[in-house]
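Peer 1: Below you will find the structure I want to go over with you.
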């Protein structure tokens, strides 16, 4: 049981380049999330999805887009990368319900130069 | 903005109980308190959660005050592998609102 898998684990981008981060979960969870974590800080929610075909903005959505075409996958896109988007990105998923545990991937370390 | 306040760091001797406090004085009646930890910048790991009753599982105990304005996470017998950043989080609808957490260092 793989849980939540993020691809890639590391990436270096030049300013202005685009890329897509992939998150895949095999637990049939309804909810999926994308967070970013900057040094010494907690996680901040970028976008989330409460089901296939639905997405919503979190705390810090600017500069990012997401898609959830399949229940098991949640994609995070950067259309034109900026140095301020240098961060560690975490994907998570959880079952439906107000008191459910979220499972996290191991993170993607992104550097924009 | 984070809805919780935690001390930035704490030490605990190996084998002793580690008690991590959290203040959440603005929590609403239907919002849950969650605890996660993060070891060496890995993905956060779920520990426990609760609404108003005390909770216990194989990892830890969660004590929530009667007025729900604060809580304490208890690791009963801390080991060196428990060294991590511990986050106390309030769940608001679908979202977990994260603060900066407490860096817990377990000393031999």
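The values are calculated or read from the model by the stated rules, or taken from the named source; none is laboratory data. Quick caveat: nothing in here was measured; it's all calculated off a predicted structure. Reconstructed Cβ throughout: ideal geometry from the backbone, glycine too, with neighbour counts over all protein chains shown.
Peer 1: Go through region B:65-93 and report how many residues are more than 24 Å from residue A:92 (Cα to Cα) and in contact with a strand residue (DSSP E or B) (Cβ under 6 Å, 6 or more places away or on another chain).
Peer 2: Residues flagged as more than 24 Å from residue A:92 (Cα to Cα) and in contact with a strand residue (DSSP E or B) (Cβ under 6 Å, 6 or more places away or on another chain) within region B:65-93 amount to 7.
Peer 1: For region A:56-77, give me each residue that is free of Cβ contacts under 8 Å to residues at least 24 places away in the same chain and either crowded, with 18+ Cβ neighbours inside 10 Å or more than 12 Å from chain B (Cβ to nearest Cβ) (or both).
Peer 2: A:61, A:62, A:63, A:65, A:67, A:69, A:70
Peer 1: Any idea which of B:96, B:62 is more than 11 Å from every other protein chain (Cβ to nearest Cβ), in contact with a strand residue (DSSP E or B) (Cβ under 8 Å, 6 or more places away or on another chain) and either buried (at least 21 other Cβ atoms within 10 Å of the Cβ) or not in a loop (DSSP other than H, G, I, E, B) (or both)?
Peer 2: B:62
Peer 1: Continuing with this model, one more query. Does residue A:101 meet the test of being within 10 Å of chain B (Cβ to nearest Cβ) and either surrounded by fewer than 19 Cβ atoms within 10 Å (Cβ to Cβ) or without any contact (Cβ under 8 Å) to a residue 24 or more places away in the chain (or both)?
Peer 2: On the way: within 10 Å of chain B (Cβ to nearest Cβ): yes; either surrounded by fewer than 19 Cβ atoms within 10 Å (Cβ to Cβ) or without any contact (Cβ under 8 Å) to a residue 24 or more places away in the chain (or both): yes.
Judged against the criteria, residue A:101 is a match.
Peer 1: Of the residues A:80, A:84, which single one is modelled with pLDDT of 95 or more, out of contact with any strand residue (DSSP E or B) (no Cβ under 9 Å at 6 or more places or on another chain) and surrounded by fewer than 14 Cβ atoms within 10 Å (Cβ to Cβ)?
Peer 2: Working: A:84 fails: out of contact with any strand residue (DSSP E or B) (no Cβ under 9 Å at 6 or more places or on another chain).
Residue meeting the stated conditions: A:80.
Peer 1: Let me ask something else. Taking residue B:50, is it closer than 28 Å to residue A:93 by Cβ and surrounded by 15 or more Cβ atoms within 10 Å (Cβ to Cβ)? Before you say what the answer is, go through the steps one by one.
Peer 2: Working: closer than 28 Å to residue A:93 by Cβ: yes; surrounded by 15 or more Cβ atoms within 10 Å (Cβ to Cβ): yes.
The answer is yes for residue B:50.
Peer 1: Name the residues in region B:35-52 that are assigned to a loop (DSSP other than H, G, I, E, B) and within 19 Å of residue B:100 (Cβ to Cβ), would you? Step through it out loud before you land on a result.
Peer 2: So the first thing to find is which residues in region B:35-52 are assigned to a loop (DSSP other than H, G, I, E, B), and the list is B:39-44, B:51-52.
Within region B:35-52, B:39, B:40, B:41, B:42, B:43, B:44 qualify.
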